[in-house]
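The values are calculated or read from the model by the stated rules, or taken from the named source; none is laboratory data. If you're wondering where the values come from, they're calculated on a predicted model, not measured in any experiment. Counting neighbours? That spans all protein chains shown, and the Cβs are built from the backbone with ideal geometry, glycine included.
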Amino acid sequence: MPKAKFNLNGKPVEVPYEPGMHMLEVLREECGIVSPKNGCAPEGTCGCCAILIDGRPVLSCLRKPEQIEGRDVVTLEGVPEEMRDVLGKAFVLEGGVQCGFCIPGIVVRASSMLQQGCTGDREAVDRSVALRAGGGTVGRGPRRYSGVGATSASGGASPNKTPMRAKATPVCR
């Protein structure tokens, strides 16, 4: 049985896998990581299985274990606890909660956007986060965390928050 060597949430691992498995299966079945969910595998359309590979969000149902050899893989379990806590509160404050099935993938993607400094671009946040979760208020969670472009309960701009401005921002993927 082949094995993949990579860093998982900051720790080196060597994981056996069967030919034909995708990373979502390896993470859940071989590593015991349950935050990435199987919402559509192997379609890659829902985002429930989002993980970070070398700091970039990817869909684990579309990656083969041999593609991550020697790379850094981060799941929700590897996102710093403080960031998870604050993002969770931001999503709740913005009403951006759903059943919870896809939230781990959304939080992983949002944490990547925050680390890349991409939350100042409202459209990029909505495309990258909110649309993966069916739209609505989910995309405001990362903006609230960053203090940019969040809205108050009345729907207006939050007091003491910097308004959104059109400016060059890093490409958010």
Would you please name the residue that is surrounded by the most Cβ atoms within 10 Å (Cβ to Cβ), looking only at residues in region 44-69 that are among the polar types (S, T, N, Q) and closer than 20 Å to residue 3 by Cα?
60
Hey, which of the strands (runs of 3 or more DSSP E) in region 1-68, taking only ones fully inside, have at least 2 residues that are modelled with pLDDT of 95 or more and more than 23 Å from residue 116 (Cα to Cα)?
3-8, 11-16
Quick one: is residue 77 modelled with pLDDT of 85 or more, within 16 Å of residue 34 (Cα to Cα) and of a type in the set (Asp, Glu)?
yes
Just one of 47, 70 is within 14 Å of the chain's Cα centre (by Cα) and on the phi > 0 side of the Ramachandran plot; which is it?
47
Out of (1) over 30 Å from residue 1 (Cβ atoms); (2) aliphatic (A, V, I, L, M); (3) surrounded by fewer than 19 Cβ atoms within 10 Å (Cβ to Cβ), the one residue 87 does not meet is (3)
Confirm whether residue 4 is closer than 20 Å to residue 70 by Cβ and in contact with a strand residue (DSSP E or B) (Cβ under 9 Å, 6 or more places away or on another chain).
yes
Given the conditions (1) more than 25 Å from residue 2 (Cβ to Cβ); (2) surrounded by fewer than 20 Cβ atoms within 10 Å (Cβ to Cβ), and given that residue 76 satisfies all but one, which numbered condition is not satisfied?
(2)
